[in-house]
Structures are given as structure tokens and as C-alpha cells.
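Taken together, the values in this text are just the output of simple stated rules run on the coordinates, not laboratory data. All values reported here derive from a predicted model rather than from experimental measurement. Note: ideal-geometry Cβ built from the backbone for every residue, glycine included; neighbour counts use all protein chains shown.
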Amino acid sequence: MPRLHVNIDHIATLRQARRETIPDPVAWGLHCLKAGAHGLTLHLRKDRRHIQDADVTRLLKATDALVNLECSLDPEMMGIALESGAGAFCLVPENRSEITTEGGLDVIAERARLLEAVPALTERGGLVSLFVDPDIDQLDGAREVGAPFVELHTGSYANASGGEREAELERLLRATEHATSIGLRVNAGHGLDHGNVSPVAALPHMEELNIGFALVARAVTHGLEESITSMLHLMDAAGSS
Ligand code: PXP
């Protein structure tokens, strides 16, 4: 079964709606770990719309679990990532007007910056992944810049239905197979929920799923423990290799 990494940004979004100290995304993340999640993910955006710099520092002090810091290749964000001490980094594209990360990183267009960023973050002891669409060219590009991991963008799969969803799943399967054949390790995330997670959790070689919004939304109505444990049960029952 893949590891479940919970994205805590959405708790910070709620806090920032009132610029309050509650709900605290760090405390919430620690509850998720207690409920069985394997790690935590947070995205420090340049516009600081949800996670704040202090959240990154507090979370890293509060847990020994793997913390995955998502950030863009912007020089300010890279400086923060390099000094953070996070155990994992996921490099994502960022667009100020987007509601959430919309597409994968174009690793071919960003090749020059990635050739600097990937070794620099790796030297700091972090596992680096590149958030990419499940396209063969992007996977080859990720390999060429030396990233050990990719996180496959599952948004198109999650947004599709019927035959289109089947086609998107097939695309994820082909991407997973290609990635592993060229030595990349594979994570996935975006738009996954309790209704669509199973086929993705069952993909061979899938190491980690990053899930945020659906877990928070379900926790609001069903409680946090139930949200996390039911997701873990679905991932386990999916039976990935
Ligand atoms: N992975 C990445 C790279 C993301 O940017 C996000 C969204 O913050 C997620 C996973 C989680 O997506 P969701 O909140 O839709 O589960």
C-alpha cells in the first residue's frame, strides 16, 4: 500500500479566513499522524495565502515524521526550502490567480532552474520530487535533471468520469510504468478522494499519495479519525504492489 501524506494547507486556509490562530494546521497534522497518516505535506506559496513561514518551522520542530515541503522554483521560495531542513521537497508550478495548483511543472521549460535546484535540495538531505502531468516527455525530462521522484498529477483523472476517467487511469498506469523503467520513483496526488482513490492506490510501484482537500472536507462532517482511517482502509484494500 502507498504511504498516505496529508496535505495540511486547507486547515491553514480556514485559519487565514479570519487571520486567527485557530484552527492550527500543525496541531491538525499531528492528529492526522496519530490517526495513522504516514507523513505531512504543506505548500508554502509565494502569496502566503494559507501556510505561513512559521508553520513550516513549527511543523518541522513538532514531528519526526516525513514532512514534504511543496514550493515553486521562485528564488525566494528556493532560499526558504534550502534552509528549512525538510526531509522531502516537491517542486510545483505556481500561478497567482489559480485556486489550487493547476497543472504539472513543465520540467522541459524549467530545465535550467531544475539543474540547479534538484542537486542543491538533494545536498541538503531532501528527497526531491517534481509534480508533473503523466506525460512521457515530462518524465524523461525529470530523469534528465536528476530528480529521484515524480509526483504524478492526478487532477485530470479525478475530474473525469466514465470512459474518460478510464483513459486517464490508463495514462497514469503508462506513466508509472515508464517512470519506473527509467529509474524514477513515483508518488501521486491532487483531487483524490474517498470515491476515486482505490484505482490510483492500486497502481504498481505507487509509493505515496498526497491528499488534502477531501480529507479535510470529510473530517468536517465525519470527524478526523474516520476521514483518515477510512482513507487508509481504501488504500490498503486496493492492493498496490
Ligand atoms: N499534490 C500537490 C503537488 C498539490 O499541489 C496538492 C494541492 O495542494 C495536492 C497534492 C493535494 O491535492 P488535494 O488537496 O486536491 O487533495
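Label zone of ALA109 (point 7 Å out along Cα→Cβ, amide N under 16 Å): in the range 129-171 this covers 131-135, 137-139, 141-142. Couplings for the range 136-144, taken from phi via the Karplus curve 6.51 cos²θ - 1.76 cosθ + 1.60 with θ = phi - 60°, read 4, 4, 5, 5, 4, x, 4, 5, 5 Hz in order; Gly and Pro are left as x. For the chain, the 222 nm mean residue ellipticity estimated from helices alone, with every DSSP H stretch of n ≥ 4 adding -39500 (n - 2.57) and the total spread over all residues, rounds to -14000 deg cm²/dmol. Applying the Karplus relation 6.51 cos²θ - 1.76 cosθ + 1.60 with θ = phi - 60° to the range 152-165 yields 3J(HN,Hα) values of 6, 6, 9, x, 5, 4, 5, 7, 8, 9, x, x, 5, 5 Hz, where x marks Gly and Pro. Annotation for the range 143-190 versus the range 106-121: alpha-carbon center distance of 20 Å. With a ≥ b ≥ c taken as the square roots of the eigenvalues of the C-alpha gyration tensor of the range 5-89, please select rounded if a/c is under 1.5 and otherwise prolate if a/b is larger than b/c or oblate if it is not? Oblate, because a/c is 1.5 or more while a/b does not exceed b/c. Distant-in-sequence amide contacts of HIS205, defined by a placed amide H-H separation under 5 Å and a gap of 5 or more residues or a different chain, comprise SER241.
Less than 17 Å from a label point 7 Å out along the Cα-to-Cβ axis of LEU66: which backbone N atoms in the range 195-212 qualify, by residue? Counting backbone N atoms under 17 Å from the label point, the list is 201-212. For THR41, the residues whose amide H sits under 5 Å from its own are VAL6, ASN7, ILE8, ASN68, ignoring neighbours fewer than 5 places away on the same chain, with H placed 1.01 Å from N. For ASP236 and ASN159, the difference between the fully extended length at 0.36 nm per residue and the C-alpha to C-alpha distance is 25.4 nm. Over all other residues within a Cβ to Cβ distance under 15 Å of ILE182, the charged ones net out to -2, with Lys and Arg as +1 and Asp and Glu as -1.
Which of the three applies to the chain, rounded, prolate or oblate, going by the alpha-carbon gyration tensor with a ≥ b ≥ c and a/c under 1.5 meaning rounded?
The shape class here is oblate.
When the Gaussian network model of the chain links Cα atoms closer than 10 Å, the mean-square fluctuations of ARG185, ARG18, ARG171 top out at ARG18. Computed 3J(HN,Hα) for the range 76-93, one whole-Hz value per residue from the Karplus formula 6.51 cos²θ - 1.76 cosθ + 1.60 where θ = phi - 60°, is 4, 5, 5, x, 5, 4, 5, 8, 6, x, 5, x, 8, 10, 10, 8, 10, x, glycine and proline marked x.
Among the GluC sites (Glu not before Pro) found in the range 15-95, those both in a DSSP coil and sparsely packed, with 12 or fewer other Cβ atoms within 10 Å of their Cβ, are GLU20. Structure remark: mean-square fluctuation, Gaussian network model of the chain, C-alpha springs under 10 Å; the largest value among ALA86, ALA37, ALA167 belongs to ALA167. A Förster distance of 22 Å, applied to the separation of the beta-carbon atoms of ARG174 and LYS34, puts the FRET efficiency at 0.05. Pairs of Cα atoms nearer than 8 Å and 6+ residues apart set the relative contact order; for the chain it is 20 percent. Put the Cα centre of the range 30-94 next to the Cα centre of the range 222-241 and the gap is 23 Å.
Close amide H partners of HIS50, meaning residues 5 or more places away or on another chain with modelled amide H under 5 Å apart, are ARG45.
Please list, by residue number, everything in the range 52-75 whose backbone N is under 18 Å from a paramagnetic label point 7 Å out along Cα→Cβ of ASP24. What the label zone holds, given the 18 Å backbone N cut-off, is 52-65.
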